[in-house]
Amino acid sequence: MTRNRNVHLIVGGALVGAMLAVMLTSWLYVPYDVNSMNPAERFLAPGAKHLLGTDNFGRDILSRVMTASRTAFQVGFLTVLIGGAGGLLVGAAAGYVGGWLDEALMRLMDAMMAFPGLLLALMLVAVFQPNLTNTILAIGLMAVPGFARIVRSGFVQYKEMDFVKAARGIGAGPLAIVFRHIFPNILSPFIVAATMSFSGAILAEAGLSYLGLGIQPPDPSWGRMLNEAQSYIAKAPWYTLAPGLMITMTVLGFNLLGDGLRDWNDPKR
């Protein structure tokens with residue numbers, strides 16, 4: 001696959017761009033108030049007045065899926081920020097220092113990875129109050145081990161190379177070596193991991209909200225909308241279809257984007 005034929009990158013970028021456009025548009029305009037109920041318009045099929053139809057409370061589904069995209073991107077961005085920062089600190093310390101610190105930190109990461117990610121998030125959110133902040137913290141925490149392993153692997157690979165030894169020889173301190181000399185060399189796999197983590201965070205938030213442990217009503221969430229729609233699949237299939245497609249397109253877009261970025265930076269291709 002050549003760079004100018006990177007289909008994954010093109011399709012993934014297009015899907016992510018489309019979802020990002022929906023999210024940005026929702027800050028400027030939504031057709032209706034997302035929490036405005038109109039019992040007289042319950043379960044209206046998609047049409048000119050309501051492009052994606054209405055739900056069991058007569059609320060406009062298009063307005064709700066657009067507004068829920070803000071939550072999805074917020075969760076994804078902050079999760080990557082928390083997981084990436086935590087993984088960078090843990091992985092850099094383990095890979096650069098090595099020895100007993102490396103062993104202790106990596107065994108801790110192994111213990112965290114031994115739990116299924118969603119189960120760990122469920123446990124954390126169940127212990128604390130289910131809300132947006134705790135959802136982000138829980139999903140961000142479960143993203144740390146993946147980033148830490150990537151960073152640690154890169155630091156083990158590069159810390160004994162000649163350019164790092166030369167930096168030490170001219171008096172560069174540990175922080176300068178870590179952030180100016182080694183980290184730029186592992187930035188490519190780090191970015192790929194970030195795109196994958198972004199899609200995983202959106203899926204995890206949707207799962208938690210579907211189970212009632214994520215975003216709380218009346219705030220819209222794609223997962224919460226799926227939960228509310230499951231009782232009306234036969235009566236109003238569009239109610240399920242809209243949030244389901246938004247989740248699918250967003251997660252697929254970020255996964256394809258990650259694959260495309262990996263192929264783009266693979267010298268063997």
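The values are calculated or read from the model by the stated rules, or taken from the named source; none is laboratory data. Remember, predicted model here, so these are calculated numbers, not experimental data. Cβ sites come from the backbone with ideal geometry, for glycine too, and all protein chains shown count toward neighbours. Areas reflect the complete protein model, heavy atoms only, side chains present, ligands, DNA and RNA absent. Shrake-Rupley method; radii C 1.70, N 1.55, O 1.52, S 1.80 Å.
Overview of values
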{"item": "Looking only at the range 58-67, and only at residues there that are assigned to a helix (DSSP H, G or I) and in contact with a Gly (Cβ under 9 Å, 6 or more places away or on another chain), the one that is most open to solvent (accessible area, probe 1.4 Å)", "result": "62"}
{"item": "Residue tally, condition β-branched (Val, Ile, Thr), surrounded by fewer than 18 Cβ atoms within 10 Å (Cβ to Cβ) and under 17 Å from the mean Cα position of the chain (by Cα), over the range 227-262", "result": "1"}
{"item": "The one condition in (1) surrounded by fewer than 21 Cβ atoms within 10 Å (Cβ to Cβ); (2) of a type in the set (D, E, K, R); (3) assigned to a helix (DSSP H, G or I) that residue 224 fails to fulfil", "result": "(1)"}
{"item": "Verdict on residue 156 being under 18 Å from residue 207 (Cβ atoms) and touching a helix residue (DSSP H, G or I) at 6+ places or on another chain (Cβ under 9 Å)", "result": "no"}
{"item": "Selection status of residue 34, in a loop (DSSP other than H, G, I, E, B), touching a residue at least 60 places away in the same chain (Cβ under 8 Å), crowded, with 20+ Cβ neighbours inside 10 Å and not small (Gly, Ala, Ser)", "result": "yes"}
{"item": "All helices (runs of 4 or more DSSP H) inside the range 98-215 with 3 or more residues being more than 15 Å from the chain's Cα centre (by Cα) and buried (at least 20 other Cβ atoms within 10 Å of the Cβ)", "result": "132-158"}
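Here is a yes/no grid of residues against (1) assigned to a helix (DSSP H, G or I); (2) surrounded by 20 or more Cβ atoms within 10 Å (Cβ to Cβ); (3) not aliphatic (A, V, I, L, M):
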position: 8; (1), (2), (3): yes, no, yes
position: 12; (1), (2), (3): yes, yes, yes
position: 23; (1), (2), (3): yes, no, no
position: 48; (1), (2), (3): no, no, no
position: 56; (1), (2), (3): no, no, yes
position: 74; (1), (2), (3): yes, no, yes
position: 77; (1), (2), (3): yes, no, yes
position: 80; (1), (2), (3): yes, yes, no
position: 92; (1), (2), (3): yes, yes, no
